[in-house]
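Below you'll find the structure, written out as structure tokens, and then a few comments.
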Amino acid sequence: MIEGDLILFTVLVVIATLALIYVGELRPDAYLAVAILIYFIYTSVNYGFRFRVKLKVVDLLLITTFSLIVAYRVYEVLK
Amino acid sequence: MYFKYLISGSLIIAVSAVAAIYSLITGLEVVLGASLTTLVLGIVVLTTGLTYGEPLTELYRTYVRDLSRLVSKVLEDSGLLGGSRFRVCLNDFKAVISTKPVSCLETSLGFGLVNDTPYLALPLDSIPRFEVVGSDLRGYLSEVLTRKFRVCRGVNVLGGEDGYTIELLGVGGDVLELIKTPPNYIKLLVLGMSAKFLGNDLELVSEDLISNNYVVKFRVVK
């Protein structure tokens, strides 16, 4: 059960990474932001995974990272 | 804690770190991006290894503990705790605990008296039905206890005909707790399954817990 969840998450992350490489994306923060988005979407849709694994610390870590990336990008635009 | 996810997660994080260092040295930003997504994956796998747990496990553990306390109290009050006879009866499929030998046919589920001998009969029909795998008792018990329930790492069966000794080798942590707590569900499970396989009533002769090995001796009642 959990193996399937992890494999699906891995497949999604790999597809997103390959897609970003394919379109020629070079910014590392874009890769990270997309991976974080996939994580939150996946764990929201597949709630069983969140039910079995305690993800609070990971949530906090990733949402903070995501916020910093967005803040940095907004700052870059406004500068 | 699940070590396979713990190790997998650690390896993924290590690979991601190596890729990140490589990209910083060579200036390949694409590799840095890919290494960061791998890092997210590694963190998720590592967290799974550290915190994964089936949601109802804790609830069941509490339930079993409370139920065991109740059964222990009943056994204690009726003088059936320690030095009592333990028998598995195929009619009604039950385990009968009594101070003296009692006939299976005279007992019914629950607490009762037969010729002034108190007994407690516990139902065993909740033990799941399994198709008989293999032609011997060892194969059958191994299949269910080791592969399906993961109660122990291996099963040995000695003896035959009238008496058997069953050794459960490498019993795990939670299972040890079950063995130590009356009415000892593992004993009920082993004897219940053996009785079903052999098609006879069984009587417990002795039981021993030696380190991580649980040894049950019983005789066939014909």
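Derivation of every value follows stated rules applied to the coordinates shown; laboratory data play no part. Note that the structure is a prediction, hence the values are computed from the model and not measured. Neighbour counts are summed over all protein chains in view; Cβ atoms, including those assigned to glycine, are modelled from backbone coordinates with ideal geometry.
With 30 Å as the limit, the listed pairs B:Lys4/B:Lys73; B:Lys100/B:Lys148; A:Lys56/B:Lys148; B:Lys100/B:Lys217 have B:Lys4/B:Lys73; B:Lys100/B:Lys148; A:Lys56/B:Lys148 beyond it between alpha carbons. Placing unit charges on the Cβ atoms only, positive for Lys and Arg and negative for Asp and Glu, gives chain B a dipole magnitude near 120 debye about its Cα centre. Neighbour counts of C-beta atoms inside 10 Å place B:Val18, B:Val88, B:Val45, B:Val64 in the sequence B:Val18, B:Val64, B:Val45, B:Val88, starting with the fewest. Projected onto planes of every orientation and averaged, the convex hull of the alpha-carbon atoms in the stretch B:58-166 covers 8.6 nm². Since only A:Tyr72, B:Leu202, B:Leu70 are under comparison, the one whose Cα sits farthest along the positive direction of the charge dipole of the protein assembly as shown, derived from C-beta charges on Lys, Arg, Asp and Glu, is A:Tyr72. Net charge in the neighbourhood of B:Val216 (other residues with Cβ under 9 Å of its Cβ; Lys, Arg +1, Asp, Glu -1) is -1.
Rounded to the nearest 10 degrees, the inclination of helix B:3-26 to the longest alpha-carbon principal axis of chain B is 0 degrees.
Multiplying the residue separation of B:Asp77 and B:Val215 by 0.36 nm and subtracting their alpha-carbon distance yields 46.9 nm. Entry note, chain B: relative contact order of 15 percent, from Cα contacts under 8 Å with a spacing of 6+ residues.
Each principal axis of the Cα atoms in the stretch B:100-222 has its own extent, and those three values, largest first, are 43, 31, 25 angstrom. Over all orientations, the stretch B:165-222 has a Cα convex hull whose mean projected area works out to 3.7 square nanometres. Converting the Cα gyration tensor eigenvalues of chain A into ellipsoid dimensions via √(5λ) gives semi-axes, longest first, of 26, 17, 7 Å. Averaged over peptide B:46-56, the number of partner chain Cβ atoms lying within 10 Å of each residue's Cβ comes to 4.
Largest GNM mean-square fluctuation across A:Leu62, A:Leu26, A:Leu37, computed for chain A with C-alpha springs under 10 Å, falls on A:Leu26.
Averaged over residues, the count of other Cβ atoms within 10 Å places the peptides B:25-33, A:71-79, B:118-126 in the sequence B:118-126, B:25-33, A:71-79, highest first. Using the Stokes-Einstein relation with a Kirkwood hydrodynamic radius computed over Cα pairs, the translational diffusion coefficient of the protein assembly as shown at 10 °C and a viscosity of 1.306 mPa s comes to 68 µm²/s.
Its convex hull of Cα atoms gives chain B a direction-averaged projected area, equal to a quarter of the hull surface, of 15.9 nm². Helix A:28-45: angle to the longest alpha-carbon principal axis of chain A, degrees 0 to 90, nearest 10? The helix A:28-45 is inclined about 30 degrees to chain A.
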